[in-house]
1. Being surrounded by fewer than 23 Cβ atoms within 10 Å (Cβ to Cβ) and either out of contact with any Leu (no Cβ under 8 Å at 6 or more places or on another chain) or assigned to a strand (DSSP E or B) (or both) is the filter here, so list the residues in the stretch 14-37 that pass it.
2. Can you name the strands (runs of 3 or more DSSP E) wholly within the stretch 60-126 that have at least 1 residues being touching a Gly at 6+ places or on another chain (Cβ under 7 Å)?
3. Pull out all pairs, ordered by first then second residue, where Cβ-Cβ is under 6 Å, the residues are six or more apart or on different chains, the first lies in the stretch 63-75 and is more than 18 Å from T33 (Cα to Cα), and the second is in a loop (DSSP other than H, G, I, E, B) and of a type in the set (S, T, Y).
4. Would you point out the residue of the stretch 101-113, among those that are without any contact (Cβ under 8 Å) to a residue 60 or more places away in the chain and of a type outside the set (S, T, Y), that is farthest from G16 (Cα to Cα)?
5. Being open to solvent by less than 10 Å² (accessible area, probe 1.4 Å), farther than 23 Å from L2 by Cβ and in contact with a Pro (Cβ under 9 Å, 6 or more places away or on another chain), is that true of even one residue in the stretch 51-64?
6. Is it true that some residue in the stretch 38-49 is on the phi > 0 side of the Ramachandran plot and modelled with pLDDT of 95 or more?
7. Take the stretch 82-124 and flag every residue that is within 15 Å of S52 (Cβ to Cβ) and either surrounded by 20 or more Cβ atoms within 10 Å (Cβ to Cβ) or under 13 Å from the mean Cα position of the chain (by Cα) (or both).
Amino acid sequence: QLQLVESGGGLVQPGGSLRLSCAASGLALDYYTIGWFRQAPGKEREGVSCISRGDSSTSYADSAKGRFTISRDNAKNTVYLQMNSLKPEDTAVYYCAARPLVFRVCVLGPDSFRSWGQGTAVTVSS
């Protein structure tokens, strides 16, 4: 069974940076398409970024393009989300999740993802 654990969240000032980690155990993460999602209080969970299995192509929400970068380190069995130029509206709990093997490309809708982690909180405030 694939298990995912998020880490790296915290409090940061606007314009600052954080790197989130999604560490996998149980199975090799390179077999899976991995997505990062976030949920703010009172809002729906939304997709932030995704990295596909195989060729590791990536997708980003419009709000993240140019500021966030998703990457994969197969040797460490970890997917990262580098977040730069953070804004107060980025404040949320961030989750990673895996898409079943039958799905081979990235999407940003959360419904097809499984094996959700526990989440890591990001607060952007002065």
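The values are calculated or read from the model by the stated rules, or taken from the named source; none is laboratory data. Computed from a predicted model, the values in this text were never measured in an experiment. When we count neighbours, we look across all protein chains shown, and the Cβ atoms used for this are built from the backbone with ideal geometry, even at glycine. All accessible areas refer to the heavy atoms of the entire protein, side chains included, with ligands and DNA or RNA removed. Shrake-Rupley method; radii C 1.70, N 1.55, O 1.52, S 1.80 Å.
1. L18, R19, S21, A23, S25, A28, D30
2. Numbers: elements: 68-73, 78-83, 92-99, 120-124.
Where strands (runs of 3 or more DSSP E) fall fully within the stretch 60-126 and carry at least 1 residues being touching a Gly at 6+ places or on another chain (Cβ under 7 Å), they are 92-99, 120-124.
3. R67/S85
4. Let us first name the residues in the stretch 101-113 that are without any contact (Cβ under 8 Å) to a residue 60 or more places away in the chain, namely 102, 111-112.
Then keep just the ones that are of a type outside the set (S, T, Y); that gives 102, 111.
Details: V102: 37, D111: 31 Å.
For the stretch 101-113, the residue satisfying everything is V102.
5. Filtering the stretch 51-64 for residues open to solvent by less than 10 Å² (accessible area, probe 1.4 Å) gives 51-52, 64.
In the following step, the residues that additionally are farther than 23 Å from L2 by Cβ were identified as 64.
Among the residues that remain, those that are also in contact with a Pro (Cβ under 9 Å, 6 or more places away or on another chain) are: none.
No, the conditions are met nowhere in the stretch 51-64.
6. As a first pass, look at the stretch 38-49 and keep what is on the phi > 0 side of the Ramachandran plot: 42.
Remaining after also requiring modelled with pLDDT of 95 or more: none.
Checking the stretch 38-49: not a single residue is on the phi > 0 side of the Ramachandran plot and modelled with pLDDT of 95 or more.
7. Here is the first cut: in the stretch 82-124, the residues within 15 Å of S52 (Cβ to Cβ) are 96-109, 112-113.
Once the filter is applied, which keeps residues that are within 15 Å of S52 (Cβ to Cβ) and either surrounded by 20 or more Cβ atoms within 10 Å (Cβ to Cβ) or under 13 Å from the mean Cα position of the chain (by Cα) (or both), the stretch 82-124 yields C96, A97, A98, R99, C106, V107, L108, G109, F113.
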